[in-house]
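The values are calculated or read from the model by the stated rules, or taken from the named source; none is laboratory data. These figures come from a predicted structure and were not determined experimentally. Positions of Cβ are backbone-derived with ideal geometry, glycine not excepted, and every protein chain shown enters the neighbour counts.
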Amino acid sequence: MKKLLLVAASAAFVMGTVSLAPMSAQAAAWGKCKACHNFTHKKKVGPGLAGVIGREAGKVKGVKSKSLKSATWTWDDDKLRLWMCNSKKAIKTLTGDDHAKTKMPPQKICDPAKQDEVLAKLHSIS
């Protein structure tokens, strides 16, 4: 019973905290990117996103995915749209290899308006 009360209290605290966050911060589609990427050249979990548009895929320091390291494309809006929606599927499509893998989880940013928001942010730092 104590455990159930603790879980309920924790959930109430989290819900209260989330509702205090500014609406614009919750709505920013590129907020998902910030969990693992910086909007500079500095690496976080994944490589920095500054200059990603026009960059050769997999050629920045720190990329560990063999599939990305052997990539032969340059990041553009269309390829980034595929990647934002489902990186696991995109790596297979972009490489033409059904066995290609990436460590990046699918972010499921598939809505074109939200993708436009992310791309606008990426263009602003490129």
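Looking at segment 35-46, I want the residues that are under 14 Å from SER124 (Cα atoms) and surrounded by 15 or more Cβ atoms within 10 Å (Cβ to Cβ) and have a partner that is at pLDDT 90 or above and aliphatic (A, V, I, L, M) with Cβ atoms under 8 Å, at least 6 apart or on another chain. Which pairs are those?
ASN38/LEU49; ASN38/ALA50; PHE39/LEU49; PHE39/ALA50; PHE39/ILE125
Checking ASP76 against (1) in contact with a Ser or Thr (Cβ under 7 Å, 6 or more places away or on another chain); (2) farther than 18 Å from THR40 by Cβ, which test does it fail?
If we test ASP76 against (1) in contact with a Ser or Thr (Cβ under 7 Å, 6 or more places away or on another chain); (2) farther than 18 Å from THR40 by Cβ, just (1) comes out false.
Just wondering, is there one or more residues in segment 77-90 that are in contact with a Cys (Cβ under 9 Å, 6 or more places away or on another chain) and hydrophobic (A, V, I, L, M, F, W, C)?
yes
State yes or no: is VAL60 over 23 Å from CYS110 (Cα atoms), surrounded by 15 or more Cβ atoms within 10 Å (Cβ to Cβ) and either of a type in the set (Lys, Arg) or modelled with pLDDT of 85 or more (or both)?
Yes; evaluated as a whole, the condition is true for this residue.
Return the residues of segment 60-92 that are without any contact (Cβ under 8 Å) to a residue 40 or more places away in the chain and of a type in the set (D, E, K, R); say none if nothing qualifies.
Passing the criteria: LYS61, LYS64, LYS66, LYS69, ASP76, ASP78, LYS79, ARG81, LYS88, LYS89, LYS92.
ASP116 is checked against (1) free of Cβ contacts under 8 Å to residues at least 12 places away in the same chain; (2) outside any helix (DSSP H, G or I); (3) not polar (S, T, N, Q) and fails just one. What number does that condition carry?
If we test ASP116 against (1) free of Cβ contacts under 8 Å to residues at least 12 places away in the same chain; (2) outside any helix (DSSP H, G or I); (3) not polar (S, T, N, Q), just (2) comes out false.
Looking for something buried (at least 17 other Cβ atoms within 10 Å of the Cβ), at pLDDT 95 or above and touching a Lys or Arg at 6+ places or on another chain (Cβ under 8 Å) - is there at least one such residue anywhere in segment 101-115?
yes
Test ASP78 against the criterion of being exposed (fewer than 12 other Cβ atoms within 10 Å of the Cβ), at pLDDT 95 or above and in a helix (DSSP H, G or I), and give yes or no.
Considered against the rule, which asks whether it is exposed (fewer than 12 other Cβ atoms within 10 Å of the Cβ), at pLDDT 95 or above and in a helix (DSSP H, G or I), ASP78 comes out as yes.
Specify which of the listed residues (LYS42, LYS108, LYS64) is within 12 Å of the chain's Cα centre (by Cα) and part of a loop (DSSP other than H, G, I, E, B).
It is LYS108.
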